[in-house]
Amino acid sequence: MNASTPSLLAADAGATVRRLARCVGDGELDSPAEMYRVLGALRLLADDLTHLLPALQGRLEEGLLSGRVTAGHGGGDAVAATWDAVGDVGRALTHARTVALLMTKELENAQVTLRDLAAP
């Protein structure tokens, strides 16, 4: 298996965020300047998610239309259920994108507020 498959990259990103949470929880984030940099990096991460989520939705829909995502067995009911499931995923990803956009803005607000404290 390729070491940079999308699922492994996502797992690595999750592990990195969990390590960051442990560092913050253990008190390793002790200066306003470092907190400012962490907030900036998290803001960029949230912004990146706002671009990734629609791409995931597009790939799922493309897979359904091309036949790579299939309904399995069961005739028309299975096909309808698959289309409904893809629609549900799309709505969930759209909601997640909205949340990520809001998170990006709030992280930016926190960073701006912290800027004066972080100045040397």
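The values are calculated or read from the model by the stated rules, or taken from the named source; none is laboratory data. Note that the structure is a prediction, hence the values are computed from the model and not measured. Note that we place each Cβ from the backbone using ideal geometry, even for glycine, and neighbour counts take in every protein chain shown. Note: areas computed on protein heavy atoms with side chains; ligands, DNA, RNA excluded. Shrake-Rupley method; radii C 1.70, N 1.55, O 1.52, S 1.80 Å.
Some values worked out for this structure:
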| item | result |
| --- | --- |
| Convex hull volume per residue in cubic angstrom - Cα atoms of the stretch 1-48 | 76 Å³ |
| Among 109-119, 23-33, the order from most to least packed when residues are scored by Cβ within 10 Å on average | 109-119, 23-33 |
| Relative contact order %, the chain, counting alpha carbon pairs below 8 Å whose residues are six or more apart | 42 percent |
| Whole-percent pair-distance distribution, where bins are 5 Å wide, for the alpha carbons of the stretch 9-120 | 2, 11, 14, 16, 15, 11, 9, 7, 6, 4, 3, 1, 0, 0 |
| Solvent-accessible area per residue for the stretch 26-95 (1.4 angstrom probe, square angstrom) | 66 Å² |
| Whole-number percent relative contact order across the stretch 42-103, with pairs defined as alpha carbons under 8 Å at least 6 apart | 53 percent |
| Percent accessible area from carbon and sulfur atoms, the chain, protein chains only, probe 1.4 Å | 62 percent |
| Span-rule helices in the chain, defined as complete DSSP H runs reaching 27 Å or more along the axis (Cα) with Kyte mean at least 0.5 | 6-25 |
| For peptides 34-45, 88-99, 8-19, sequence by mean Cβ density within 10 Å, most packed first | 34-45, 88-99, 8-19 |
| Mean ellipticity per residue at 222 nm, deg cm²/dmol - from DSSP H runs of n ≥ 4 across the chain, formula -39500 (n - 2.57) | -29500 deg cm²/dmol |
| Unit charges on C-beta of K, R, D, E only; dipole of the chain, Debye | 100 debye |
| The stretch 51-120 - charge dipole about Cα centre, Lys and Arg +1 at Cβ, Asp and Glu -1, debye rounded to 20 | 160 debye |
